[in-house]
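Worksheet: one structure, shown below.
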Amino acid sequence: MASKGKPSPRSAVPALSDQQVALLAQRHRLMDPTRYYPTGHRIPALDEIDGQHPVGTTRLLRGVSQVVRDSCRVYAWGLERVPETGPFITAATHVTQFDVFIPMMSLFHLGRRPRYMAKAEMAHWPLIGSWFRMVGMQPVERKSGKARSIEEESISIITSGRPLTIWPEGTVTRDPLKWPMSLKPGVGFIALEASRQLGRMVPLYPSITWGAASINHKWPWPRKNVVMCYDRLFDYADLLEDMDQWGAEPPKQSVHALCVRLRNRMEEVMAEIRGEEPPAAGYFDYVTMTRRPRSEQ
């Protein structure tokens with residue numbers, strides 16, 4: 001079933017300027033995530049690489065990286081924060097479909113092979129569907145009433161030691177100005193319950209990408225700028241303080257609190273990348289398809 005509403009057109013936002021990228025370069029160490037080990041020497045997770053179609057994945061990664069380089073100029077900062085071992089969650093913004101490839105490509109070039117959440121129908125697309133399955137796709141049957149089973153599978157991935165990537169908005173943002181919209185509760189439930197099962201806070205990192213919204217993929221030249229921040233470790237330890245007393249599942253208020261904090265942090269980082277202030281009127285709520293005051297999150 002199609003998601004309600006339609007993403008706004010490319011004309012809704014200006015391209016990310018060279019001047020803004022230069023300003024970001026003064027504040028952060030920008031690197032090229034389309035190449036292997038942009039942060040320097042790392043120890044790749046060979047068990048993940050060998051267990052996930054290593055030859056096919058390598059070829060696909062090479063092709064995706066070339067397409068990205070041909071379509072835009074990509075910069076990133078914060079990739080040194082990606083753990084070399086163990087499970088972690090990447091919560092990524094979803095401004096355009098193109099944005100999906102930026103954090104995934106970056107993590108693959110750092111020697112990690114996360115599983116990731118994607119709408120189930122993508123698995124059945126000709127040719128591309130087999131590629132998605134090859135690189136660790138976790139199908140999500142949207143509006144199917146199977147949210148809990150999807151969350152349980154995601155938790156199982158994390159507790160087995162694998163990283164997981166989630167686009168917690170659930171679909172491409174419907175905010176006409178393309179800021180992060182309200183998040184689905186799944187990311188909060190998964191992070192909290194996986195942490196309880198492991199007995200420690202599962203590392204959670206926001207990943208914010210901006211710039212691809214202005215790309216005309218039929219004729220992308222001159223190439224646009226795209227910048228991704230792999231943000232600092234997201235601290236939600238206070239929401240785990242009473243986890244031994246939760247009962248069957250994490251409290252809904254804790255799940256909601258994590259989602260609100262995460263969306264706010266995504267908005268804050270995106271504001272820095274864009275060099276703009278987010279809308280004063282508030283955030284875009286997917287449920288009501290309206291802009292609401294941040295105090296009402």
Residue 27-residue 177 FRET efficiency (beta carbon distance; Förster radius 22 Å; 0.05 resolution): 0.40
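Magnitude of the Cβ-charge dipole of the stretch 18-289, K/R +1 and D/E -1, about the Cα centre, nearest 20 debye?
It comes to approximately 920 debye.
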Accessible area of residue 287 in the full protein assembly, 1.4 Å probe (Å², nearest 10): 110 Å²
Accessible area (Å², per residue) of the chain, counting only protein heavy atoms and a probe of 1.4 Å: 46 Å²
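Considering only the chain, what is the antiparallel percent among its DSSP beta bridges, to the nearest 5?
Among the beta bridges of the chain, antiparallel pairing accounts for roughly 30 percent.
Between residue 69 and residue 245, how high is the FRET efficiency from 1/(1 + (r/R0)^6) when r is the Cβ-Cβ distance and R₀ = 45 Å? Nearest 0.05.
Efficiency computed from Cβ-Cβ geometry: 0.30.
Based on the Cα gyration tensor of the stretch 231-285, what are the three equivalent ellipsoid semi-axes, each the root of five times an eigenvalue, rounded to whole Å and given largest first? Intermediate results must be reported in sequence, preceding the final value.
Values: eigenvalues 168, 36, 7 Å².
Rounded to whole Å, the semi-axes are 29, 13, 6.
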Accessible surface ranking that places the most exposed of 277, 193 first, with a 1.4 angstrom probe: 277, 193
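Would you work out what percent of the accessible area of the chain, with all protein chains in place, is carbon or sulfur (probe 1.4 Å)? Let's see the in-between values first.
Numbers: 7520 of 13600 Å².
C and S atoms contribute 55 percent here.
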Rounded FRET efficiency, nearest 0.05, which uses the C-beta distance separating residue 43 from residue 6 and R0 of 51 Å: 0.70
Computed over the stretch 210-297: relative contact order in percent, which uses C-alpha pairs under 8 Å that are six or more apart: 20 percent
With DNA, RNA and ligands ignored, accessible area of residue 221 (1.4 Å probe; Å², nearest 10): 130 Å²
From the C-alpha gyration tensor of the stretch 156-212, square roots of 5λ in Å: 26, 12, 9
Qualifying trypsin sites (Lys or Arg not before Pro) in the stretch 30-74, DSSP loop, other Cβ atoms within 10 Å at most 16: 35
Net length gained if the chain between residue 80 and residue 17 were fully extended (0.36 nm per residue, minus Cα distance): 20.2 nm
Extent along principal axes [Cα atoms of the chain; Å; largest to smallest]: 56, 49, 40
Extreme residue, positive dipole direction of the chain, given options 195, 240, 109 (C-beta unit charges): 109
Probe 1.4 Å - accessible area at residue 152, Å² to nearest ten: 110 Å²
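Placing +1 at every Lys and Arg Cβ and -1 at every Asp and Glu Cβ, with all other atoms neutral, what dipole size does the stretch 156-297 have around its Cα centre, in debye to the nearest 20?
Values: 18 positive and 17 negative charges, 143 e Å.
Here the stretch 156-297 has a charge dipole of around 680 debye.
The values are calculated or read from the model by the stated rules, or taken from the named source; none is laboratory data. Just so it is clear, the model here is predicted, and its values are computed rather than measured. Glycine gets a Cβ as well: all are built from the backbone with ideal geometry, and neighbour counts include every protein chain shown. The protein model used for the area step is the full one, side chains on, heavy atoms only, and it has no ligands, DNA or RNA in it. Shrake-Rupley method; radii C 1.70, N 1.55, O 1.52, S 1.80 Å.
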